[in-house]
Amino acid sequence: MAYLIGMSDNEFLYNLWYVAASGHEVAAGAMITRTMLNQQVLIGRDMHGMVFALRDFCPHRGIPLHHGTFDGETIECCYHGWCFDTRGQCTKIPALLPGDPTDLGRIKTQSYPCHEVDGNIWVYIPPPKTKIIEHLPDIPSSPVPLAAGGYIHVDSVVFPCDMDHAVIGLMDPSHGPFVHTSWWWRSKRSAHAKEKHFTPRGMGFSMVRHQPSKNSRAYKILGGKPETEITFQLPGLRTEHIAIGRHNIVLLTALTPIDSSSTQLHQFMYTDIGWLKLLAPLLKPYGKAFIQQDLDIVKKQQEGLVGDHPGLLLIGDTDQQALWYYKLKKDYLESQANNLPFINRLPEKILRWCS
């Protein structure tokens, strides 16, 4: 049994990669804006199809650059026409006369490392007003190689809660029979005792490969004998790899903090099962409905967290994953503060609960 008050300032985890958007959201020659860890980020795709990310801020008078124009090569601010390339370097100031001594090479807006992997746009977020570290960590990728044609963007929604509550809700193993009570998923009466083997992995932990629970009806449409492995990694990535013989399904849920009171959830699916890809348009609404159920319960939860609440009570194996998350976060923050490598100190353990 453990009381958990939570981190009052909801510390962000910097120097990590976060999902900003699905690659489908940004066409060539287009740009979108996102708030990530309280930083305004402009995301675009140049004429060659390469993605980039800049601080959404003109250093002249502070206008967000997304209000301007982009021709696939140059971003022009809407206020005074200042121009920037996709690296954030200022290339033109229309108000300057020929011979003006101003050095444009010293004028720029911040650039963020940005890459498109497995159909998603990832942005590396450093602490505010700091330089990007020299050796960046690897970008998370699918646990199995899947054809690009198997990529499906299920949904993106904003949860009205901080990152901690969004993550804990993501990994909570016992809310299913109460929140996700649908004919196609499960019911309260289907709850039964479960036992799962967990092992530390990377910057998180994994529920070791096993056959899905018998009360999870959604798995039955896959046929055969599916096996699943669920992995959580900092800062907020949940990956479920379902294997059915030689075929695979990968479900990726990525959480990105917007600010201290809202978190973006992205849900993606990858599969090499032909008939499942064909049925994707019909199955997608079920995935959206599942996420909506989580969103509805988070909204209700926030009603109880207004003001000076007495704290949260986490108990037993059913909340052990939440406690692990807080330990991982604490250890990561300490490693960053002391400029030391992160070490995963979680134990290997069997957890038991009813759901």
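Here the condition is being modelled with pLDDT of 95 or more, of a type outside the set (Val, Ile, Thr) and within 15 Å of Met50 (Cα to Cα); of Trp82, Trp122, it holds for Trp122 alone. Filtered by the rule that a residue be open to solvent by less than 10 Å² (accessible area, probe 1.4 Å) and among the polar types (S, T, N, Q), region 254-283 gives Thr256, Thr263, Thr271. All of Ile258, Ile249 fail the test of being under 19 Å from the mean Cα position of the chain (by Cα) and either in a loop (DSSP other than H, G, I, E, B) or without any contact (Cβ under 8 Å) to a residue 60 or more places away in the chain (or both), apart from Ile249. Taking region 316-355 as the range and being part of a loop (DSSP other than H, G, I, E, B), under 30 Å from Thr130 (Cβ atoms) and open to solvent by less than 30 Å² (accessible area, probe 1.4 Å) as the test, only Leu346 passes.
In region 51-63, the condition of being of a type in the set (Asp, Glu), under 22 Å from the mean Cα position of the chain (by Cα) and closer than 25 Å to Lys131 by Cβ is met by at least one residue. For region 41-60, a residue qualifies if it is part of a strand (DSSP E or B) and either in contact (Cβ under 8 Å) with a residue 40 or more places away in the chain or open to solvent by 50 Å² or more (accessible area, probe 1.4 Å) (or both), and the qualifying residues are Val41, Ile43, Gly44, Val51, Phe52, Ala53, Leu54, Arg55.
May I ask you to list the residues in region 113-137 that are within 22 Å of Glu11 (Cα to Cα) and either without any contact (Cβ under 8 Å) to a residue 24 or more places away in the chain or surrounded by fewer than 16 Cβ atoms within 10 Å (Cβ to Cβ) (or both)? Selection gives Pro127, Pro128, Lys129, Thr130, Lys131, Ile132, Ile133, Leu136, Pro137. Restricted to strands (runs of 3 or more DSSP E) entirely inside region 142-228, those with at least 1 residues that are within 23 Å of Pro281 (Cβ to Cβ) and modelled with pLDDT under 90 are 151-159.
The values are calculated or read from the model by the stated rules, or taken from the named source; none is laboratory data. Values in this document were obtained by computation on a predicted structure and should not be read as measured data. Ideal geometry is used to build each Cβ from the backbone, glycine not excepted, and the neighbour counts take in all protein chains shown. Ligands, DNA and RNA are excluded from the accessible area calculation, which covers all protein heavy atoms including side chains. Shrake-Rupley method; radii C 1.70, N 1.55, O 1.52, S 1.80 Å.
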